């Protein structure tokens with residue numbers, strides 16, 4: 001088990017974080033992480049990335065994380081499942097020190113893990129008890145009782161692997177389409193993929209939305225925007241050249257995507273402070 005650990009002390013706050021990317025779950029689970037610390041910049045802005053999140057808050061009864069923008073304002077349940085987002089969401093952290101375990105799930109992993117149509121989760125954050133019943137309580141208790149944080153990561157990895165065993169996987173046509181969209185950075189025409197598959201557009205779109213959470217064209221846009229945001233954060237060339245390189249008609253087209261997905265202009269995005277090892281921004 002190769003766990004990456006680091007400590008952050010900056011204007012954003014002070015915390016330690018463990019991150020594990022289990023290779024046996026590659027393609028299904030992006031990462032399993034554990035955060036412990038306190039944020040000074042308590043509001044965190046998330047934009048669509050094409051992934052889902054399973055979140056476990058320890059000691060959440062005292063002060064939970066809260067959604068404050070982008071979805072109905074509400075506290076996160078102690079164990080929650082956040083579906084794909086298609087618009088920016090702002091989350092506010094507790095004032096006090098907090099401990100949170102998070103699992104970043106690819107759509108294929110979430111579909112197999114929970115066995116529910118992912119379109120029902122899109123744009124929503126649900127109590128995990130409403131998705132898997134009493135198993136959520138047992139999982140929470142086992143995580144609380146684990147002796148160390150690394151043990152909690154391992155326990156979560158085993159729980160996911162055990163639950164996935166023998167469960168239905170993503171339809172091969174959907175899995176191929178997702179792979180091609182990801183490979184091309186969201187810049188492959190869906191009609192081309194349908195042509196290769198010989199699939200009925202109506203049936204394929206319905207199946208894709210059920211097993212991924214959004215329709216193919218929107219998923220492609222989200223993947224393209226995620227790639228664009230990553231390139232800009234890495235110090236890409238001019239906005240115009242970056243827009244064209246990522247398949248936008250022009251800079252105005254890119255600006256419109258920024259307003260829809262991030263709730264800000266590209267310039268505001270570049271001026272914002274990113275959280276380290278994260279696709280979120282201090283708000």
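Derivation of every value follows stated rules applied to the coordinates shown; laboratory data play no part. It should be emphasised that the depicted structure is a prediction, and the values quoted were computed from it without experimental measurement. Note that we place each Cβ from the backbone using ideal geometry, even for glycine, and neighbour counts take in every protein chain shown.
Applying 1/(1 + (r/R0)^6) with r as the Cβ-Cβ distance of residue 151 and residue 9 and R0 = 25 angstrom yields a FRET efficiency of 0.45.
Put in order of Cβ neighbour count within 10 Å, fewest first, the listed residues 80, 62 become 62, 80.
Based on C-alpha pairs under 8 angstrom that are at least 6 apart in sequence, the stretch 56-180 has a relative contact order of 26 percent. Result for the chain in a Gaussian network model with C-alpha springs under 10 Å: among 201, 216, 64, the largest mean-square fluctuation is at 201. The calculated P(r) of the chain, using every Cα pair and 10 Å bins from 0, goes 6, 28, 35, 24, 7, 0 in percent. Just to be sure I understand: with springs between alpha-carbon atoms less than 10 Å apart, which residue in 47, 249, 176 has the highest mean-square fluctuation in the Gaussian network model of the chain? Of 47, 249, 176, the most mobile in the Gaussian network model is 249.
Between the stretch 182-251 and the stretch 72-129, the C-alpha centres lie 23 angstrom from each other. When you restrict to C-alpha pairs under 8 Å that are six or more residues apart and normalise by the size of the stretch 134-259, the relative contact order lands at 17 percent. Let a ≥ b ≥ c be the square roots of the eigenvalues of the Cα gyration tensor of the stretch 3-164; is it rounded (a/c under 1.5), or, if not, prolate (a/b larger than b/c) or oblate? Rounded. For the chain, the relative contact order works out to 19 percent when only alpha carbon pairs closer than 8 Å and six or more residues apart are counted.
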